[in-house]
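S.K.: Below are the structure tokens for one structure; questions will follow.
Taken together, the values in this text are just the output of simple stated rules run on the coordinates, not laboratory data. Every value quoted in this text rests on a predicted model; they were computed, and no experiment measured them. Cβ placement follows ideal geometry from the backbone for every residue including glycine, while neighbour counts extend to all protein chains displayed.
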Amino acid sequence: KIGESSDIKKGDMDRFLEFMHGLGLLLHFPASPIVITNPQWLVDSVARIAALAERTAASFPYNQGLRLRDIEEYLAELREKSLLHPDLLPYLWLEYSEAERSTMIE
């Protein structure tokens, strides 16, 4: 979108993203429109997901409106199927507001 709004040709933007990806300054895969400008953020997020999978449902605070049974089900899906339920995102990104989390997963 940035390239389009700046009148940068698609081929030029693709080469730029490939170059920056090669340097490790950002993550971009040609089949995806997503660009991650901070690769360490992705590494940290994956580590948080792995740590989350190790937790027990009883260790979760209940102020998020989730039932113990739901948390147990979501953690089982994460462990067994590698599926992260959106209701677990607040526990991964505590430092971000709900609006910021929504922007990150759009």
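S.K.: Quick one: how many residues across the range 23-45 are surrounded by 10 or more Cβ atoms within 10 Å (Cβ to Cβ) and either of a type in the set (D, E) or assigned to a helix (DSSP H, G or I) (or both)?
M.R.: 6
S.K.: Across the range 46-86, what is the number of residues that are part of a loop (DSSP other than H, G, I, E, B) and either surrounded by 12 or more Cβ atoms within 10 Å (Cβ to Cβ) or among the polar types (S, T, N, Q) (or both)?
M.R.: 9
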